[in-house]
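A.B. asks: So that we are looking at the same thing, I have put the structure below in structure tokens.
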Amino acid sequence: MEVASPRRGFLLPFGVWVLAVLTVAIVARAVLPVSDGAAIGGGSWLPLASFDASHYIGIAQHGYSGSVIARAFFPLFPILIAILHDLVNDAGVTVSYALAGTVIAVACAYGALRLLRRLLALDLGQDAADRYVWLLPLAPYAFILLAPYTESLLLLSSVGSLLAARKQRWWVAGALGAVAGACRLPGLIVFPALLVEYIYQVRRSDQRLSSSILAIGLAPVGAAAYFAWLGFNGGIATYSRAYAVGWPYRKFTLNVFKSLYDPILAHLFHDVVVPSTALADGLALASFLVVMLLMVWGWKRLRPSYLVYAVLSIIVPLLTTVTEGLGRYYLVIFPLTLIAARLAQEHPRLVRPAVCAGIVGEVIVTALFASGHPGVV
């Protein structure tokens, strides 16, 4: 089965996917009982602008002057929302902040998939990249790329950064790494990945280190700038305080397995409090198992920089004691798409059932999210 025939265009299948996801979300909001009325937003026509999206939209509207919880969210995405909203409204067209955020997310998702296709082509060839790039939007949690969340911007900047590094455009790679770091704290993982990629290329070509390595130093600037701002506006500690107030159940731990077994214990014996339902945690644990299976099969086939990026991106979300958000965090680990594509190339009989399972999963998870089911993302 071909996921998409090569060179038949990109915009049309992307548009079909966007329309399908938004239709599922709108119908789910209309017909399913609302699970968490306080968390949903965006109205009937923008049901993906819910949960954390409300924080990004609130920052775009009011800055960080509101609740301390807002400081847990990095500023780049809200800045883009505010800019687009003001530009369009100044032009005489009335749009909401939720719509502006959705448009930015969709545009970033489109750009991210285009860049991901180019990155896959470096390892798989163009025809395979044209086909298997669509494995990502057909994954169960892929709907989040179209929501006013940072996932699509993070995917765009991280893929763009590593693509630039592969082509030895180090200043572009560093700048895009800074964009990733300004999206969300895990965006900093691009920095060690770029360092490993640089050293890998130098060793393979028997060259000496050059001043171009300084460009990689741009990668942490985005996150550093936000924490510097916090330092002058209430202190860096307000970042951790925001998490303590907004998500008191998230506790830092070096025992990465605790995030996996605590929800199981909570739902079986009710001796641990978790914020999500058994269904949401079950979906998150299923995501973890799929990721582990992919890594076990394909980690040796990854470039060192991709391996570093994948491993760190898998571990970081497990440093808290909940599985909430695990599916969307793992969605944007782009080396996993490369592993899935290689697996599809070598075992084509797996493609059809995997795609069908992915589509069914995306419909279910999108519907749960749109109807306010707690803990889905």
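A.B. asks: In whole angstrom, and with the biggest value first, how far do the Cα coordinates of the stretch 11-370 range along each principal axis?
C.D. replies: Largest to smallest, the principal-axis extents are 59, 53, 51 Å.
A.B. asks: With loop defined by DSSP as not H, G, I, E or B, and exposure as at most 10 other Cβ atoms within 10 Å, which is the longest segment of the chain clear of exposed trypsin sites (Lys or Arg not before Pro)? Working shown, then result.
C.D. replies: On the way: sites that count: R7, R8, R208.
After excluding every exposed loop site, the longest remaining stretch is 9-207.
A.B. asks: Take the alpha-carbon centre of the stretch 42-74, take the same for the stretch 133-155, and report the distance between them in whole Å.
C.D. replies: Cα centres, the stretch 42-74 to the stretch 133-155: 19 Å.
A.B. asks: Also, quick follow-up: Run the numbers for Q168 and W229: contour at 0.36 nm per residue of separation, minus the present Cα-Cα distance, in nm.
C.D. replies: Values: separation 61, 0.36 × 61 = 21.96 nm, distance 3.17 nm.
So the extension gain works out to 18.8 nm.
A.B. asks: Give me the lysines in straight-line cross-link reach of K167: C-alpha distance below 23 Å, same-chain residues under 8 apart excluded.
C.D. replies: Reachable lysines: K300.
A.B. asks: While we're here: State the volume of the convex hull built on the alpha-carbon positions of the stretch 171-287, expressed per residue in Å³ and rounded to an integer. Can you show the working numbers first?
C.D. replies: On the way: hull volume 17.7 nm³, N = 117.
Considering the Cα atoms of the stretch 171-287, their hull volume per residue is 151 Å³.
A.B. asks: When a/c reaches 1.5 or more, the comparison of a/b and b/c decides; with that in mind, is the stretch 110-190 rounded, prolate or oblate per its Cα gyration tensor? Could the numbers behind the result be given before it?
C.D. replies: On the way: a/c = 2.63, a/b = 1.07, b/c = 2.45.
Oblate is the answer for the stretch 110-190, as a/c is 1.5 or above yet b/c matches or exceeds a/b.
A.B. asks: Under 14 Å from the Cβ of L230, count the other residues' Cβ atoms, weight Lys and Arg +1, Asp and Glu -1, and hand me the total. It would help to have the intermediate numbers written out before the result.
C.D. replies: Working: positive: R71, R241; negative: none.
Its environment carries a net charge of +2.
A.B. asks: For every helix of n ≥ 4 consecutive DSSP H residues, a contribution of -39,500 (n - 2.57) applies; sum these over the chain, divide by its total residues, and give [θ] at 222 nm rounded to the nearest 500 deg cm²/dmol. Intermediate results must be reported in sequence, preceding the final value.
C.D. replies: Values: 16 runs with 233 residues, N = 377.
Roughly -20000 deg cm²/dmol at 222 nm, from the helical runs in the chain.
A.B. asks: Shape of the stretch 182-243 from its Cα gyration tensor (a ≥ b ≥ c, root eigenvalues): rounded if a/c is under 1.5, otherwise prolate when a/b > b/c, or oblate?
C.D. replies: Numbers: a/c = 5.05, a/b = 2.80, b/c = 1.80.
In terms of gyration-tensor shape, prolate.
A short reminder: the numbers here are calculations on the coordinates, not readings from a lab. Quantities reported herein were computed from a predicted structural model and do not represent experimental measurements. Positions of Cβ are generated from backbone atoms using ideal geometry, with glycine treated the same way; all protein chains shown enter the neighbour counts.
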